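The values are calculated or read from the model by the stated rules, or taken from the named source; none is laboratory data. Since this is a predicted model, take the numbers as computed values, not measurements. In this analysis, Cβ positions are derived from the backbone assuming ideal geometry, glycine residues included, and neighbour counts consider all displayed protein chains. Note: areas computed on protein heavy atoms with side chains; ligands, DNA, RNA excluded. Shrake-Rupley method; radii C 1.70, N 1.55, O 1.52, S 1.80 Å.
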Amino acid sequence: MAPAVQDRLPFLASPPPARERGRNPSLAEMLRLVGAATVDPADDDGSASAFSLPLPHATTTPDRDAVAGVAGATAIGRTVHFRLAFSSLTYSVRAKQHGRGGPGPGLLPLQRRSDRVTTRALLDGVSGDAREGEILAVMGASGSGKSTLIDALAHRISRDALKGAVTLNGEPLTGAVLKSISAYVMQDDLLFPMLTVAETLSFAAEFRLPRALSPAKKRARVQALIDQLGLRAAAGTIIGDEGHRGVSGGERRRVSIGTDIIHDPILLFLDEPTSGLDSTSAFMVVKVLRRIAESGSIVITSIHQPSQRILGLLDRLILLSGGRTVFSGPPSALPSYFAEFGFPVPDDENRAEFALDLIRELESSPTGTKPLVDFQRTWQLMHARTTSPAAAQGDGGSAMSLKEAISASISRGKLVSGSDVAGEAASVRTYANPFWVEMKVLTKRSAINTRRMPELFLIRLGAVVVTGAILATVFFRLDQSPKGAQERLGFFAFAMSTMYYTCADALPVFLQERYVFLRETAYGAYRRASYVLSNALVSFPPLVVLSLAFALTTFFAVGLAGGVPGFAFYTLAILASFWAGSGFVTFLSGVIPHVMIGYTVVVAILAYFLLFSGFFITRDRIPPYWIWFHYLSLIKYPFEGVLQNEFGRGGECFVRGAQIFDNSPLAGLPDAVKARVLASISSALGVGIGADTCVVTGRGVLQQAAVTQLGKWECLLVTMAWGFLFRILFYFSLVLGSKNKRR
Ligand SMILES: Nc1ncnc2c1ncn2[C@@H]1O[C@H](COP(=O)(O)OP(=O)(O)O)[C@@H](O)[C@H]1O
Ligand SMILES: [Mg+2]
C-alpha cells in the first residue's frame, strides 16, 4: 500500500520545511508539511508531538474557515483531510409512563399511549460536522443529550437503535475502523494511584504502541506527549488518591486524556473533560485539546459551562436542548445568532452562560424551545452557503477516500498503534502486542503497584498472623484425648475458613482495578486473558508468604502431627485455600460491581461454605437435598485434607481404655469405678480392653467425621482446581461483562 500512497501523494517523500513561528505557511509549504512523518520531537513551541503534524496555527475562526474553504475547493482536495459528518441522528429509548401530567421540559414523548410506554427521544435529528484540526464542542444543560451525542458518534450506541448517518470522509464508519483510529476519554480518571505520571503514560505506550516501534521511539513519544499535555513538571509525581498526595485534579485529567491519546488517534471523543475542574485547570485541559486537534486530529468534546476564554479555543459549537440542536456554528457567531433571534447577548456577559440561561427560560415557557430550533434550521441554511463553502460542498469534495486518508495519516506519523508504518487501514491490528508482552507489562505494572502499596499486603499479613496467634494460644498444645481430637477438628475448621475470609479483604482492591481494566480493554489495550493470567501470577507470591506465616504461627504451637512432611502438607493446604479463596473473590469482583453487595455476598457464601464443610454436620448426616452444597463448599476440601494429614497416619490413639467414658455421663465416675465398668464391658463383648488399649485411632476419628471419600492429596488438588476454575470463570465474566454499549 505504501508505494501506492506515495504515487498519489508525491510530496510524502519530500523533507519537511523549516517552520517559523508566527507565520502562516503557504499552500505549498502546507503540502510539504504533510510529508513530515518525523518532525523533531521538540517542536518550536515544544508542544507538538514527535509523531504529529504541526498544522498551521490559525488564530481566528474565519481564518481557519478560509483555509478549509480553499481546501475543499481546490487541489488541496488531495491533502489529508478528515471530516466526520453526522446527519439527522435520532436515538430513542422506551421509558415507562410515570403518570405525571405533561412531559417535562425537553421531553419529547411520541404519542404511544396504547402500550403505556412512551418513546423518549434523547437525540432528535442532530446534524453537524467536525474536521481535522478543529474542536467540536457539544454544549447544553445537564440532561440535554451531550453524552448521548458523543456516545452516538463514538459508536457506543448500537447502530440498530441509532437512526441517521455518521460518515468519515463520506464513508460510513465501521466499528472496527472507528475503534482503531479513535479514542474515547471517559468522564472519570481511572488511573492507578501509585504510578507516576510518566509511568502511567509509559504503560499506556506499552499497551497501545506496536512492538515494532523501538523502545527509544516509545520513550520519545511519551516525552513528547508529556510536553503536549503540559505535564513536564509533574512527570515524576504519583497520581495519588485519598491516602496519598499526588498530582492536582487538572493534571490528573490531562494524564487521563494522555493515556487515551498515546497512539495519536485521528478522532478523539471526550465527555465533559473539564467538569469538576477550576477554571484555570479547565482552560489548560482545553488548550491541550487544541494542541491535539492542531496535530491533525478531530476533537469532539462535550462541555458543560465553558468560560469565555475556553469558548475562544473552540472551533464549532453545537448547543443541545432536549436532544435537539438549538445552535450550531462557530462560537464567534453566538452574538449575531442570538441577536437575529431577538435576544442580543449583553456585552459584559459570558456568551455561553447567556445561551444556556436563555435556553433554560425557553424550556420552561409554553412554546418550549421550538421557536429556537426552527430558527436554528433557517439560520443554518442561510449561513451554510455564505460562511462555510466547505460545509456546503458534498462530502466527496473535501477529502480523499477514507482508506487513503488513513494511510496517509499513518505515513506521516499519526495513529502510532497498529500501523506498520504506512500500513493501510485494513491492517490496523486489534492488539498492539503479542500475548507474552502483554503479560510481561501487566505483571510489571501490578508489581510496581503492589510494591508501592505495601500496607495492603501488611494488613493481610497482620490479619493472618493475629488470627494464627489467637488460634495458637486458644488451641495451645492439644493433647491426644477424645477432647483433644474434637478440638483439633474445631481448630482446622476455623483455620481453613480464615484463609477464605482474609481473601475477602481483597475485594475492594479488585473492584478498584476493575474500572481501570474496563477502560483499558474498552479500547483493546490488551487481551482479557493476559489480564486474568497476570493477575493470578502477581497475586500468588504474597499468598506463599501468608501461608508460611500462618503455618508457622500455628503448626508447632497447636502441636499438630506429622513432623516436617506434615508441616509441608499443612502449608500447601493453606496455600491452596488462599489460592481458591482469592480466585473466588476475584471472580465475584468480576460479577458484582459494588463493594457493599460484594462483601455481603462473599461473607454470606463463606458462612454457608463453612456450615456445609462437614465440621458442623458430617457428610453422612447432611440431608440429601443439601448434599450438593457440601460438595460445592470450598472449605470442605482443604478441611478434609488437613484432617487426613493429622489423623490419617495410623499409630496415633485418641481414645484409650477408660477415656471411652470421657464424653459420656460416666465421665465423672472415679477412675477405679471406670476401670471396673470397662472390665465388665470387655468381658461382655468378649474382647480385652485394658487401661491402655486403643479404642479409637486417628482413622477412627476420620470415620466419625465422615472424611472417607478423598485422599489428602486429592483434597489438595481439588482445592487448587477450584482456584483455577474461578479464574476461568473470572475470564468469562470479563468477556461477557465489559460490553459498554447502549442499545
Ligand atoms: N438509557 C436511558 N433511558 C432513559 N433515559 C436516558 C437513558 N440514558 C440517558 N437518558 C436520559 O437522556 C437524557 C440525556 O442524557 P445525557 O446525554 O447523559 O445528558 P447530558 O450528558 O447532556 O447531561 C437525560 O435526561 C437522561 O436522563
Ligand atoms: Mg453527560
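Brief remarks follow.
- Comparison of LEU678, LEU725, LEU736 shows that the only residue that is more than 30 Å from SER582 (Cα to Cα) and in a helix (DSSP H, G or I) is LEU678.
- Just one of (1) within 16 Å of ligand 1 (Cβ to nearest atom); (2) touching a Phe, Trp or Tyr at 6+ places or on another chain (Cβ under 6 Å) fails for ASP188. It is (2).
- Answer residue from the stretch 662-675, given it is in contact (Cβ under 8 Å) with a residue 12 or more places away in the chain and part of a helix (DSSP H, G or I) and is least open to solvent (accessible area, probe 1.4 Å) among those: LYS674
- Criterion (open to solvent by 50 Å² or more (accessible area, probe 1.4 Å) and touching a helix residue (DSSP H, G or I) at 6+ places or on another chain (Cβ under 7 Å)) met by exactly one of GLN659, GLN704, GLN709, GLN644: GLN659
- Within the stretch 300-318, the set of residues being within 28 Å of the chain's Cα centre (by Cα) and within 13 Å of ligand 1 (Cβ to nearest atom) comprises THR301, SER302, ILE303, HIS304, GLN305.
- Residue pairs meeting the criteria (Cβ under 7 Å; at least 6 apart or on separate chains; first within 17 Å of THR274 (Cα to Cα) and polar (S, T, N, Q), in the stretch 173-192; second within 16 Å of ligand 1 (Cβ to nearest atom) and open to solvent by less than 30 Å² (accessible area, probe 1.4 Å)): GLN187/ASP271; GLN187/GLU272
- Within the stretch 240-271, being among the small types (Gly, Ala, Ser) and over 17 Å from the mean Cα position of the chain (by Cα) holds for GLY240, GLY243, GLY246, SER248, GLY249, GLY250.
- Within the stretch 113-124, being at pLDDT 90 or above and either open to solvent by 20 Å² or more (accessible area, probe 1.4 Å) or away from ligand 2 (no atom under 16 Å from the Cβ) (or both) holds for LEU122, ASP124.
- Scanning the stretch 300-309 for residues that are surrounded by fewer than 24 Cβ atoms within 10 Å (Cβ to Cβ) and away from ligand 2 (no atom under 14 Å from the Cβ) turns up SER307, GLN308, ARG309.
- Where SER182 falls short, out of the listed (1) more than 16 Å from ligand 1 (Cβ to nearest atom); (2) surrounded by fewer than 23 Cβ atoms within 10 Å (Cβ to Cβ): (2)
- So LEU195, is it among the aliphatic types (A, V, I, L, M), crowded, with 18+ Cβ neighbours inside 10 Å and either within 23 Å of VAL285 (Cβ to Cβ) or touching a Ser or Thr at 6+ places or on another chain (Cβ under 7 Å) (or both): yes
- When each of ALA384, ALA405, ALA399 is tested for being modelled with pLDDT of 60 or more, touching a helix residue (DSSP H, G or I) at 6+ places or on another chain (Cβ under 7 Å) and surrounded by 14 or more Cβ atoms within 10 Å (Cβ to Cβ), the lone residue that passes is ALA384.
For (1) open to solvent by 10 Å² or more (accessible area, probe 1.4 Å); (2) more than 16 Å from ligand 1 (Cβ to nearest atom), each residue gets a yes or a no:
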| position | (1), (2) |
| --- | --- |
| LEU270 | no, no |
| SER275 | yes, no |
| ASP278 | yes, yes |
| SER281 | yes, yes |
| VAL288 | no, yes |
| ILE298 | no, yes |
| LEU320 | no, no |
| ARG324 | yes, no |
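- Given (1) in contact with a strand residue (DSSP E or B) (Cβ under 8 Å, 6 or more places away or on another chain); (2) open to solvent by less than 20 Å² (accessible area, probe 1.4 Å), index of the condition THR697 fails: (2)
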